[in-house]
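*Asks:* The structure under discussion is supplied below as structure tokens; questions concerning it will follow.
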Amino acid sequence: MNKTRKNAFWIALAAPGIVWLLVLFIVPVYAVLAIAMGKLDQLIESPVAVWNPLDWSSSAVIDVWRDIVGSSAFAGPVILRTLAYTAIASALCLLIGYPAAYFVARFAGRRKALFLVLLIAPFWISYMMRMLAWIDLLSTGGYVNKALGWVGISPVNWLGGEAVTVVLGLVYGYIPYVILVLYAGLDRIDPALLEAGRDLGLGRFRTFVHVTLPLSRQPILTGLLITVLPMLGDYYTNQMLSGAASTSMVGNLIQGQLGTPGLEGQGAVLSLMLLVVLLIPMVYYVIATNREAAQ
């Protein structure tokens, strides 16, 4: 009887979260699936959702697949570009964020709270405002071009479809997440383990490589996960800082299809494909986390 009550208690405790997940995730995803596998009203060029799986059509899936790998494919290069931008931006976030997080965790001392406030401060400003600030900095008469003019370099049209602008915009937008996650992980490392490495004759660099870096592997994986996932679906950064077809990403492609009459079904298919791709690193993260906990 006690076991039954205990199980009922945990079920009741989990019920609100399950209902929330069902209403705000499962149902919307199924609605997108019904549109992706649905039909197209040729008269008004509007998608018709088909809720019965027995009546689903694969025409939109075939069209998207042809856009990716067909002879006239245009989505394939966009996908490869998105992967390249995401990989470069994530690597830069890690290269910049790890030293910053390490400094705050190990050397900030009594000023640690101040540095944490400075790290969290960007979250108080909307993403749109931060991108607008970049537009002002990178415009033809902005401070970046003025600084380049002081050293004799001609003004650069940073906002005219430059890949480097989009990548740096992604780094600027998502690097706070990486720093906070890395700081949380580095701050939890027991200083006694570092002292043990020193006692065994390891120098500062070898202690970092053989002790600190392995112990921070899980925070690194977590930080990369929470940046890679939104970057792959990001469309706003490219739209604000470039807007050129030469730098478009998967998010821009999906946005364009969902806003074009007759292509909403293909946009839904591409959205679901992106969701499936995003599930891969999430599953790997869960497996790696469980393996790390078991060890």
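*Asks:* Assigned to a loop (DSSP other than H, G, I, E, B), at pLDDT below 85 and either under 24 Å from the mean Cα position of the chain (by Cα) or closer than 29 Å to Ala245 by Cα (or both), is that true of Gly152?
*Replies:* When the stated conditions are applied, Gly152 does not pass them.
*Asks:* For the structure I just gave you, tell me whether Leu92 is within 30 Å of Ala184 (Cβ to Cβ), at pLDDT 85 or above, open to solvent by 40 Å² or more (accessible area, probe 1.4 Å) and touching a helix residue (DSSP H, G or I) at 6+ places or on another chain (Cβ under 6 Å).
*Replies:* It is true that Leu92 is within 30 Å of Ala184 (Cβ to Cβ), at pLDDT 85 or above, open to solvent by 40 Å² or more (accessible area, probe 1.4 Å) and touching a helix residue (DSSP H, G or I) at 6+ places or on another chain (Cβ under 6 Å).
*Asks:* Let me ask something else about it. Give the residue that is surrounded by the most Cβ atoms within 10 Å (Cβ to Cβ), with candidates limited to residues of region 157-195 that are touching a residue at least 12 places away in the same chain (Cβ under 8 Å) and outside any helix (DSSP H, G or I).
*Replies:* Among residues in region 157-195 that are touching a residue at least 12 places away in the same chain (Cβ under 8 Å) and outside any helix (DSSP H, G or I), the one surrounded by the most Cβ atoms within 10 Å (Cβ to Cβ) is Trp158.
*Asks:* Within region 54-72, how many residues are open to solvent by 50 Å² or more (accessible area, probe 1.4 Å), over 15 Å from Ala268 (Cβ atoms) and not basic (Lys, Arg)?
*Replies:* 5
*Asks:* Among the residues of region 201-219, is there at least one that is within 17 Å of the chain's Cα centre (by Cα), modelled with pLDDT of 85 or more and surrounded by 19 or more Cβ atoms within 10 Å (Cβ to Cβ)?
*Replies:* Yes, because at least one residue in region 201-219 is within 17 Å of the chain's Cα centre (by Cα), modelled with pLDDT of 85 or more and surrounded by 19 or more Cβ atoms within 10 Å (Cβ to Cβ).
*Asks:* Within 19 Å of Ala84 (Cα to Cα), under 15 Å from the mean Cα position of the chain (by Cα) and surrounded by fewer than 20 Cβ atoms within 10 Å (Cβ to Cβ): does that describe Gly233?
*Replies:* yes
*Asks:* Can you name every residue in region 101-116 that is open to solvent by 50 Å² or more (accessible area, probe 1.4 Å) and under 17 Å from Val181 (Cβ atoms)?
*Replies:* Scanning region 101-116 gives Tyr102, Phe103, Arg106, Lys112, Phe115.
*Asks:* Looking at Trp150, Trp134 in this structure, which one is over 29 Å from Leu80 (Cβ atoms) and either aromatic (Phe, Trp, Tyr) or in contact (Cβ under 8 Å) with a residue 40 or more places away in the chain (or both)?
*Replies:* On inspection, the qualifying residue turns out to be Trp150.
*Asks:* Does region 130-143 contain any residue that is in contact with a Pro (Cβ under 6 Å, 6 or more places away or on another chain), at negative phi and open to solvent by 40 Å² or more (accessible area, probe 1.4 Å)? Show your work before the answer.
*Replies:* Step one: filter region 130-143 for residues in contact with a Pro (Cβ under 6 Å, 6 or more places away or on another chain), giving 140.
Applying the additional criterion that residues be at negative phi yields 140.
Now narrow it down to the ones that are open to solvent by 40 Å² or more (accessible area, probe 1.4 Å): 140.
Yes, because at least one residue in region 130-143 is in contact with a Pro (Cβ under 6 Å, 6 or more places away or on another chain), at negative phi and open to solvent by 40 Å² or more (accessible area, probe 1.4 Å).
*Asks:* Val276 is checked against (1) over 19 Å from Leu80 (Cα atoms); (2) among the β-branched types (Val, Ile, Thr); (3) exposed (fewer than 13 other Cβ atoms within 10 Å of the Cβ) and fails just one. What number does that condition carry?
*Replies:* Failing condition for Val276: (1).
*Asks:* Restricting to helices (runs of 4 or more DSSP H) lying wholly in region 198-295: which have 2 or more residues that are out of contact with any strand residue (DSSP E or B) (no Cβ under 9 Å at 6 or more places or on another chain), without any contact (Cβ under 8 Å) to a residue 12 or more places away in the chain and more than 17 Å from Ile79 (Cβ to Cβ)?
*Replies:* The qualifying helices (runs of 4 or more DSSP H) are 204-207, 264-294.
*Asks:* Still on this structure: Out of the residues in region 31-53 that are part of a helix (DSSP H, G or I) and surrounded by 12 or more Cβ atoms within 10 Å (Cβ to Cβ), state the one that is nearest to the chain's Cα centre (by Cα).
*Replies:* Val32
The values are calculated or read from the model by the stated rules, or taken from the named source; none is laboratory data. The structure displayed is predicted, hence computed values, not measured ones. All Cβ positions, glycine included, derive from the backbone under ideal geometry; neighbour counts span all protein chains shown. Accessible surface is based on the protein model in full, side chains and every heavy atom, while ligands, DNA and RNA are left aside. Shrake-Rupley method; radii C 1.70, N 1.55, O 1.52, S 1.80 Å.
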